[in-house]
1. Would you pick out the residues in segment 20-39 that are open to solvent by less than 80 Å² (accessible area, probe 1.4 Å) and either under 23 Å from residue 50 (Cβ atoms) or in a helix (DSSP H, G or I) (or both)?
2. Output the qualifying pairs, or none if there are none: Cβ atoms under 9 angstrom, residues six or more apart or on different chains, first residue in segment 46-59 and at pLDDT below 85, second residue open to solvent by less than 100 Å² (accessible area, probe 1.4 Å).
3. Which one of these is modelled with pLDDT of 75 or more, of a type in the set (Asp, Glu), surrounded by fewer than 14 Cβ atoms within 10 Å (Cβ to Cβ) and not in a helix (DSSP H, G or I): 14, 76?
Amino acid sequence: MTQLEQAVMGLLLEGDEPIIRTLRQQLDESKIESRELTGAGFYVKFVVPESAPRISGNKSFNFGDVSAEIDGSHRELASYCL
């Protein structure tokens, strides 16, 4: 991952909740499949191996939003969806 991607994922996966810990483990084992730069942000698609820990129960949820202010303008950097 790029430094920016690492910073964004670090902020999104901050904390000690069980789901967040599992997502950090998945990230550690994942590989990047693709990147898309939109001009206003970016998308990174990860491939998580079957051997990685899984979250039980509802596997579809949204969380986060990481924002940054660059040169005085507010930009949304990432929103993470599973």
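1. 20, 22, 23, 24, 26, 27, 29, 30, 32, 34
2. 59/82
3. Going through 14, 76 in turn, the sole match is 14.
The values are calculated or read from the model by the stated rules, or taken from the named source; none is laboratory data. Since this is a predicted model, take the numbers as computed values, not measurements. Every residue, glycine among them, receives a Cβ derived from its backbone with ideal geometry; neighbour counts consider all protein chains shown. These accessible areas exclude ligands, DNA and RNA; they are computed on the full protein's heavy atoms, side chains included. Shrake-Rupley method; radii C 1.70, N 1.55, O 1.52, S 1.80 Å.
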